[in-house]
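This report refers to the structure that appears directly beneath it.
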Amino acid sequence: MLYNFLPYDATIAFENATTKIKADRRYGVEYSVYAGNEQKLLPRLTIEYGLRVSIYNYVGKGKAYNFRDTIPNTPLPLAETKTYSPGELIKSYVNPEPRFSMNYVINKYSSVKASYNRMAQYLQLISNTAASTPLDVYTIASNNLKPLLADQGSLGYFRNFRDNMFETSVEVYYKYLQNQMDYIDNADLFINPTVENQLVQGLGRAYGAEFYVKKSKGKLQGWVSYTLSKTERLVRGISNDNWFYSRYDRTHVLNTSVNYDITKRWNVSANFVLLSGVPGTFPNSKIQVQSLNIPYNTDNVRNNYRITPYHRLDLGATYNFKKNDHRKYKQTLVFSVYNVYNRRNAFSIYFRTKTNEPLQTEAVRFSMIGTFVPAVTYNFNF
C-alpha cells in the first residue's frame, strides 16, 4: 500500500491579494503478510488463529524534521532538517499482529465467544475538535510519530429465545493503546510545516460492556443496544500526568430501531438515539486583563466537562408498490422525518465575553442541524 499525502494546500485572501500555501508531500509504503487457520478442537469448540506482519517504510522525497526533547507539554525545538531523495528510506517499522478467537456452543440456543487481536495503524488524524471538520488533517507515521498499536480482548455470551425469535447478547471488552496521539496545550495545528513538534504520544485504554436484544420475527421487529464504556488517555505532561477522558469517550450509548408491517404495502419505522455528551476542556475561572475577560482552566485537567447529551428521534413510512410479475424490478416510496422533536444537539460549545457585559463570560452552543428535516425518497431496484 502506498501512502501519498498532501497535509495542506490553502489559499489565503486578504483584500485584493491572495497567497497560496502548499505543504510538501509525504510518502509511506506498507507491506503485509497474513497466515491464519480455523480448527475444530471439539464438537462444540472452534478456534481461529493467525498472524499478520506489517512492515511500514517512511520514505522521501521531501524533508524530515528532527526535534530535541524539552519540557513536557511545550513545543519541541527543531534540531535539524534533512532532505531525502525519492524512495530513500527515512524510518522503518515492523509490527507483528497476532489474532485469536474461539466459539464454544453450549446448546442450540446459546454460545460463548472470546477473542484477542493486535492492530497497527500507520494513518492518524490530527484534530483538536470533537467532530470531523474540513480543517482536520491526516498524517502518517514518520521519524517523529510512531504507529498506533492496539491490543483488544473481548468475551461475550449469546443466547436466543422463543425458537430464535429473540436474539440477545452480553459482551465485555478491554482495549489497550500505545503511541496514542494527542497534542500540547494551545497547539498550532493549522498550516504548520513542523506540526509534529506540537504533537505528543502516550497510552490509552477503553473498556466497557455491550447489551443487545433483537426481535426478528413477526409484524413487529426491531432491536435495542446499549453500551456502558469508558475511554481514557495518559500522556506525559498533560492533565497533571493523570488519566483523562478521551474526546471520543461516551459513557452511555443507546440505539433503538422498531419496524412494523401495517399491511403488505405499508411499513412504519422509528429510530431513537441517546448518547452521552463528549468531553471538552472548559474554563473554571477567568482572568481580567485591561477589562477583557480571558477564560482560564486553573486545574490543568484536559476534558474536564462534557457537552450536553445527544438524542434524536427519526420516523419513517415506506410504501411498497405492487410487484410486476413480468418485470424483475421493485419500487418503494419512503416518507421520513429526521429529528422529529427539533432537538438542537450541540456540535460544539465555546466561550466568549457576553455582549454589552465585558465582565461576564457566556457559553455558546453551536448546532449543525437544529430543526427537523422531512424527506421523500423513491427507490427503484432491478
Original post:
How much length, in nm to one decimal, is gained on full extension between LYS354 and LEU41, taken as 0.36 nm per residue of separation minus their Cα-Cα distance?
Top reply: 105.8 nm
Subject >> Efficiency of FRET from Cβ geometry, GLU362 and ASN320, R₀ 56 Å, rounded to 0.05 >> reply: 0.65
Original post:
For segment 50-113, what is the convex hull volume of the alpha-carbon atoms per residue, in Å³?
Top reply: 178
Original post:
Along the charge dipole of segment 266-382, Cβ charges K/R +1 and D/E -1, which of VAL364, SER269, PRO374 sits furthest on the positive end?
Top reply: SER269
Original post:
Just how large is the dipole of segment 91-230 about the Cα centre, in debye to the nearest 20, putting +1 at every Lys and Arg Cβ and -1 at every Asp and Glu Cβ?
Top reply: 940
Original post:
What is the dipole size for the chain, taken about its Cα centre, with +1 at each Lys and Arg Cβ and -1 at each Asp and Glu Cβ, in debye to the nearest 20?
Top reply: 1640
Original post:
So what are the radius of gyration and Dmax for the Cα set of segment 110-216, in Å?
Top reply: 19.5, 61
Subject >> Options ILE294, VAL334, ILE349, ranked by Cα towards positive dipole end of segment 266-382, top entry (Cβ charges) >> reply: VAL334
Original post:
Rounded to the nearest 0.05, what FRET efficiency do LEU203 and TYR260 have when you use their Cβ-Cβ distance and R0 = 35 Å?
Top reply: 0.15
**OP:** Between THR227, THR318, THR11, find the one with the highest GNM mean-square fluctuation for the chain; connect C-alpha pairs within less than 10 Å.
**Re:** THR11
Original post:
Mind checking which lysines have their C-alpha under 30 Å from LYS113, skipping anything on the same chain fewer than 8 residues away?
Top reply: LYS40, LYS175, LYS214, LYS215, LYS217, LYS230
Original post:
Projected area of segment 266-382, taken from the Cα convex hull and averaged over every viewing direction, in nm²?
Top reply: 10.8
Original post:
In segment 155-180, which residues have a backbone nitrogen under 15 Å from the label point lying 7 Å from ILE106's Cα in the Cα-to-Cβ direction?
Top reply: 155-162, 167-172
**OP:** Return the tail of the calculated pair distribution for segment 337-382, meaning the percent of Cα-Cα pairs more than 11 Å apart.
**Re:** 74
Subject >> Positive-end residue, the chain charge dipole about Cα centroid, Cβ charges, pick of ILE238, ILE47, SER285 >> reply: ILE47
Original post:
How fast does segment 1-47 diffuse by Stokes-Einstein, in µm²/s, taking the Kirkwood radius from C-alpha pairs at 37 °C and 0.692 mPa s?
Top reply: 206
Subject >> Size of charge dipole - segment 266-382 - debye, nearest 20, with Cβ of Lys, Arg +1 and Asp, Glu -1, no other charges >> reply: 480
Subject >> Quotient of Cα Rg and 2.2 N^0.38 Å for the chain, N being how many residues it contains >> reply: 1.24
Subject >> Proportion of all alpha-carbon pairs of segment 1-158 beyond 22 Å (%) >> reply: 62
**OP:** Report the semi-axes of the equivalent ellipsoid for segment 214-292 in whole Å, largest first, where each axis is √(5λ) for an eigenvalue λ of the Cα gyration tensor.
**Re:** 46, 18, 6
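Here, each number is a calculation from the coordinates, and none is a lab measurement. Just so we're clear, the structure is a prediction, and the values are computed from it rather than from any experiment. Heads up, the Cβs are rebuilt from the backbone with ideal geometry, glycines too, and the neighbour counts pull from every protein chain shown.
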